[in-house]
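One structure is given here, and the rest of the page talks about it.
The values are calculated or read from the model by the stated rules, or taken from the named source; none is laboratory data. Because the structure is a prediction, the values reported are computed rather than measured. Neighbour counts run over all protein chains shown; Cβ positions are idealised from the backbone, glycine included.
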Amino acid sequence: MKALVVTGRNQYVLKTVPVPEPKEGEMLVKVEACGICAGDIKASHGTARFWGGDGMPAYCEPPFTPGHEFFGRVAAIGGKVPGDFSVGDRVISEQIVPCGECWYCKRGMYWLCDPHNVYGFKYYLNGGMAEYAILPAGSRNYHVPDDFTLEQGALIEPFSCSLHAVRQADPHEGDTVVLAGAGTLGLGMVQALSQRRFRQLIVLDLMDSRLRLAKSFGADEVLNPSACNAVEEVKKLTGGVGCDIYIEATGHPAAVQQGLDMLRKAGRFVEFSVMSGPSTVDWSIIGDARELTIVGSQLSPNCYEDVISSLKKGTTRTEGVITHRFPLSDWEEAYRVAQTKDAIKVVLIP
Ligand SMILES: [Zn+2]
Ligand SMILES: [Zn+2]
């Protein structure tokens, strides 16, 4: 089979490799599509967060096949697996494969599992940028309806991360929520938010095309901070008080200060992004000046089933989110396009 293989820092090659054989408790999946995540892009740049250096340990353990945003059809099953799967079924695996043994796993917080094995970064857990992938024993697998489009299947993973962030934000009646960043994850959050009851959703992004999509998915107001003073506009839309909840989904350090500036006292700051660099703020704003609550959001615990059913019902939509599709052989061009402004989600079709 064809597989993208990362043999070391900045060393990516398309190879022909043997189709893996599922061992006891494993499933072999014929991959239908695999999205390119911001994390895959950052790993491809050889950044310290993934490859070590600057005081950080290496997360990547080559050789591996990247890709954790994949789904496909069961091609073979090794012995017995949980979840009533048969050959030919469509399946998606949660991006993290928990160890089941660590402090977090033992307390049910599997998404914070200490070894933190996500598909597509380690030689023992290859991802979906290949014709076939193995779902190992202990993986968390879900049925994907047969009538799902490629878009619906490929967006289950990112939209599940969006749903968890919205659960962390936990808006209530009367709240004004500001969401900064309308990329794939932000657009998923707009939709998860629009299924909750609160006063208004204001979405910020530097790209008008993304703001139009956000509006079509249910944003009440959209603002482009490059064309207005976003802090002043949010204050105007909240009677001068500021927003109740701010969700940071841009990955840009400047969006942190922006959020602190537009939150009301006792507001809630939800951090979702992988930042492009450190953010420096006057920390006293959290305590002495505003009494803010800071909440993080990682991965997508207990979200896949709800996202699949909401996609099935049509309450979560996918139009316009996948902007580009490439065959696996064009992975290099796909990675390049994924970093351009016109791209929202780029998927590879093995
Ligand atoms: Zn991802
Ligand atoms: Zn664990």
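Of note:
One line per residue, one yes/no per condition, for (1) small (Gly, Ala, Ser); (2) in contact with a helix residue (DSSP H, G or I) (Cβ under 6 Å, 6 or more places away or on another chain); (3) part of a helix (DSSP H, G or I):
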{"site": "50", "(1), (2), (3)": "no, yes, yes"}
{"site": "67", "(1), (2), (3)": "yes, no, no"}
{"site": "75", "(1), (2), (3)": "yes, no, no"}
{"site": "79", "(1), (2), (3)": "yes, no, no"}
{"site": "85", "(1), (2), (3)": "no, no, no"}
{"site": "91", "(1), (2), (3)": "no, no, no"}
{"site": "108", "(1), (2), (3)": "yes, no, no"}
{"site": "128", "(1), (2), (3)": "yes, no, no"}
{"site": "133", "(1), (2), (3)": "yes, no, no"}
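- Against the list (1) surrounded by fewer than 20 Cβ atoms within 10 Å (Cβ to Cβ); (2) in contact (Cβ under 8 Å) with a residue 60 or more places away in the chain; (3) under 20 Å from residue 308 (Cα atoms); (4) in contact with a strand residue (DSSP E or B) (Cβ under 8 Å, 6 or more places away or on another chain), the condition residue 92 fails is (1).
- Just one of the listed residues (305, 291, 332) is assigned by TED's automatic domain parsing to the domain that holds residue 205 and at pLDDT 95 or above, namely 291.
- Applying the condition of being in a helix (DSSP H, G or I) and of a type in the set (Gly, Ala, Ser) to the range 199-226 and asking which residue is surrounded by the most Cβ atoms within 10 Å (Cβ to Cβ) yields 214.
- Here 104, 110 are screened, and the one residue that is surrounded by 19 or more Cβ atoms within 10 Å (Cβ to Cβ) and either within 16 Å of ligand 2 (Cβ to nearest atom) or more than 30 Å from residue 259 (Cα to Cα) (or both) is 110.
- Condition met for residue 139 (farther than 30 Å from residue 203 by Cα and either part of a helix (DSSP H, G or I) or touching a Phe, Trp or Tyr at 6+ places or on another chain (Cβ under 9 Å) (or both)): yes
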